[in-house]
Amino acid sequence: MASPMIYPANSVAEVDPYGLSGTILLDGETLIAPFTLSLQAGWTALLGPSGSGKSTLLRLLGGLDCEAELKGTRRGAERIGWMAQSDLMQPRLSVLQNVMLIEMLAGRKPDRNRARDLLAAVGLSGLESRKPSALSGGQRQRVALARTLMSDAELILLDEPFSALDPATRATMQDLAFDQFAGRTVVLVTHDPAEALRLCQTIWGLEDHQLQPLEPLAGTKPHDLADPALLATTARLLDDIRESA
Amino acid sequence: MRKLMIPLALIALWQGGVSAGLQPAFILPGPLEVAGTLWTDRALLLTHSLITLEEVAYGFVIGALLGVGTAILMMLSPIVRLNLRPVLNASQAIPVFVLAPILTLWFGYGLAPKIIMTILLVFFPIASGLLDGMLATPQQSLDMARIAKASRWRELIWLRFPHALPQLAASIRIAITYAPTGAVIGEWIGASKGLGYLMLMANARSRIALMFAALVVIVAMTLLLHRLADRLLRRWLSA
């Protein structure tokens, strides 16, 4: 399900890009050494092992509460989209209301028809009035995707949203998200090199308190799961990570 | 039927003890005598029950509304929360019994002191239960509020209050069993009506069976209210 990268006509270079720069401190100690993360339209991965601070970096970028502190500057978007590992479904709201939740939290009048269209776009038409408990894990993450799309955010932050899914559902969700977020600036936090290589044109490795660029895979995203180059590069990247660990 | 085995056994034991003459009937009437009084004095018991029920209804509704309102206010304003919480906690150290004479002194012998007594018993569990539930909303859910730049009010309406509903329901179930106690305490101190008054009057006239009958009615009322609340909460809050 390869789809071409679409860049908004005037987004590159003209506008100051979203990003984060400086140092991240946790309890007065350096969590991430001085860095500059400047985001381009399209997908950027933050790849690193658990505890490396990648989620912290993402939370700071999104302006979310967190224990660490940024000494530096942040350029966030007016509207931010957020997807986490947990689908964050509110059990008492219907699927449709869950899609509109961010709008209602923001105090905007949600457009029901748009919410329905988005549910259809993620393959869930007809389930609008169900409760989230009646849905499978994969379906719930689709609702979360529709909810994220609903606010029409310029900057999308993804905190391992696919890592709790089974492998087949994960690949489907990756493709779906890639299609739906086309043209936006997306930051994906992941510990899975294959996921980063498959989806992201820019990859940052986070290890040993350092944020450094890693070589992405050339070619059209998302890569086919059976792409030999994807498999080989994934294996090489894993080796690198294991060696330095 | 199986659920009633132990209560029935206890009642049988009670009747057995009384029949064996362990205690004279003017100190401990047997269940049969109490049941007989329940029937013969049913009009009297009903009249006084309705008074107590009225106090309970007013007290519970007002207390619950005040409790929910206070919890919401404390949730919306950290300053109010910071200042009010210690006061509320400290207030629980005051045995409400000692307040009853004061309330009677201030508000007279009518319904008001009984209703206020009930409010005092109902208010705290509901306010603290709801507040604790709202404060325990998972950070992950609150992230969505932060992302949406939601106001405290919208965060409360869409995330915190729904999250606290099971805890609110549990608090309501507890509070409704406290409510009749509040009304009866009020009636003990000074009243001319109500089941608490009836108990005192029966005691003074050595009508111990009537006293027990009133007690049975209070217990039945409490159980019934609890059952009713449980039903309604299940239907409306599914909690």
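Of the residues making up segment B:156-185, just one is within 14 Å of another protein chain (Cβ to nearest Cβ) and of a type in the set (K, R), namely B:R160. Only one entry in A:I102, A:I156 is within 12 Å of chain B (Cβ to nearest Cβ), modelled with pLDDT of 95 or more, open to solvent by less than 10 Å² (accessible area, probe 1.4 Å) and touching a Ser or Thr at 6+ places or on another chain (Cβ under 7 Å), namely A:I156. Without any contact (Cβ under 8 Å) to a residue 60 or more places away in the chain and open to solvent by 50 Å² or more (accessible area, probe 1.4 Å), is that true of B:L46? The answer is yes for B:L46. Could you check, for segment B:201-221, whether at least one of its residues is farther than 20 Å from B:A112 by Cα, under 16 Å from the mean Cα position of the chain (by Cα) and open to solvent by 70 Å² or more (accessible area, probe 1.4 Å)? Taking every residue of segment B:201-221 in turn, at least one turns out to be farther than 20 Å from B:A112 by Cα, under 16 Å from the mean Cα position of the chain (by Cα) and open to solvent by 70 Å² or more (accessible area, probe 1.4 Å).
Of the residues that sit in segment A:120-138 and are in a helix (DSSP H, G or I) and in contact with a Ser or Thr (Cβ under 9 Å, 6 or more places away or on another chain), which one is surrounded by the most Cβ atoms within 10 Å (Cβ to Cβ)? Step by step, filter segment A:120-138, then rank; the result is A:P132. Taking segment B:77-98 only, how many residues are open to solvent by 50 Å² or more (accessible area, probe 1.4 Å) and assigned to a helix (DSSP H, G or I)? The qualifying residues number 13. Applying the criterion of being polar (S, T, N, Q) and farther than 17 Å from A:T56 by Cα to the residues of segment B:137-155, the residue that is farthest from the other protein chains (Cβ to nearest Cβ) is B:T137.
If the requirement is being touching an Asp or Glu at 6+ places or on another chain (Cβ under 8 Å) and of a type outside the set (A, V, I, L, M, F, W, C), which of these qualifies: A:Q201, A:Q174, A:Q210? Matching residue, one of A:Q201, A:Q174, A:Q210: A:Q174. The residues of segment A:71-87 that are open to solvent by 80 Å² or more (accessible area, probe 1.4 Å), of a type outside the set (D, E, K, R) and part of a loop (DSSP other than H, G, I, E, B) amount to a single one, A:Q85.
The values are calculated or read from the model by the stated rules, or taken from the named source; none is laboratory data. Values in this document were obtained by computation on a predicted structure and should not be read as measured data. Here Cβ is always computed from backbone atoms with ideal geometry, including for glycine, and neighbour counts include all displayed protein chains. The area values use the complete protein model at the heavy-atom level, side chains included, leaving out ligands, DNA and RNA. Shrake-Rupley method; radii C 1.70, N 1.55, O 1.52, S 1.80 Å.
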